[in-house]
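Derivation of every value follows stated rules applied to the coordinates shown; laboratory data play no part. Remember, predicted model here, so these are calculated numbers, not experimental data. Don't worry about glycine lacking a Cβ; one is built from the backbone with ideal geometry, like all the others, and counts go over all protein chains shown.
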Amino acid sequence: MSELTPFIFDGLPVRGMLVRLTDAWQEVLRRRQAVGAFAPEVQVLLGELTAAAVLMQANIKFNGALVIQVFGDGPVKLAVAEVQPDLALRATAKVVGEVPAGAGLEALLNVHGQGRCAITLDPKDKLPGQQSYQGVVPLHGDHREPLQQVSQVLEHYMLQSEQLDTRLVLASNEHIAAGLLIQRLPIAGSGNRAGRRHEDDIGLSEAYKRIAMLAATLTRDELLTLPGEQMLHRLFWDEKVTVFAPRVPRFACSCSSERVRGMLRTLGREESEGLIAERGLVEVGCDFCGALYRYDAVDVGAMFTPQLDHPPASGAVQ
């Protein structure tokens, strides 16, 4: 079963989270089988992105969808993971070219330096005029040093957008997507007592650096194979750690016939009816879950006739 386990370091402004996606991640891959499996390199990228999205959603406790997208100028046009407040998740990728064997982040998305990572916070209950928040960072560091891992990109984002030191360790394969997050928290009242407080701040900063260095010793194989409790003990056996009750991430897709009909209304009557004339049906597939929505001429006509606006007879075909 998939689990997300929060924990804190007693007496220190440092928190952590460990996520292990098993059934939820396997369901993401199973849904993809209908249109063709991802190359192993894309699978690793998407798994790491999904694990990171769960960690970041749980970390900020945002009442809305958190969406991480990476896009660029390589064979992977887009990879995206979305996580809801209850840790319902979905993820997919769009591949437009041949994926080289053993390709890393640069070869997949940043061939000519045009790669970007966007993190979007989409509020669940938007107020009038409220917009989603989006932050975008390039797929390179401050000094234009190439970044080879998703974790480095997201650490850079967290430092730039929230001024919070964060250490991420991510890994995935066809069975599991996993991640460890360590984050330094702001120190309440810092600076109010200049002498002793300054010394305390130095000590707490060193404590975070020590814990982050321990987290960095975690290998990919350990992250993918060790049970959570054993992993935390292996890393932080000399620290006082309080572990909280785990939460259960799950696969769930938010697509629906109503949303697709809304999209077709936005497209407009003329273009929608043009698709009917050309193909006999309007077919819209969900890239996340594989659901196929089909609408005939009667369905499309009803969409643009207010008094007949009702759910069409056609629906999603799994």
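Counting 0.36 nm for each residue step from Met1 to Ala118 and taking away their Cα separation leaves a gain of 39.2 nm.
Positive end of the dipole of the stretch 1-102 (Cβ unit charges, origin at the Cα centre): among Ser2, Gly36, Leu12, the Cα lying farthest that way belongs to Gly36. Taking 7 Å steps out from each Cα toward its Cβ at Lys61 and His175 produces label points 3.5 nm apart. The value of relative contact order for the chain, using C-alpha pairs under 8 Å at least six residues apart, is 21 percent. The slack between Ile187 and Met263, meaning 0.36 nm per residue of separation minus the straight C-alpha distance, is 22.7 nm. On the beta carbon distance between Leu292 and Arg220, with R0 = 35 Å, the FRET formula returns roughly 0.45. In a simple Cβ point-charge model (Lys, Arg +1; Asp, Glu -1; nothing else charged), the chain has a dipole of about 500 debye relative to its Cα centre. Left without a cysteine partner by the 4.7 Å Cβ rule in the chain: Cys117.
By the helix-only formula, in which each DSSP H run with n ≥ 4 contributes -39500 (n - 2.57) and the sum is divided by residues, the chain has a 222 nm mean residue ellipticity of -11000 deg cm²/dmol. Quote the FRET efficiency, to the nearest 0.05, computed for His233 versus Glu206 with a Förster distance R0 of 22 Å and r equal to the Cβ-Cβ distance. Efficiency at R0 = 22 Å is approximately 0.45.
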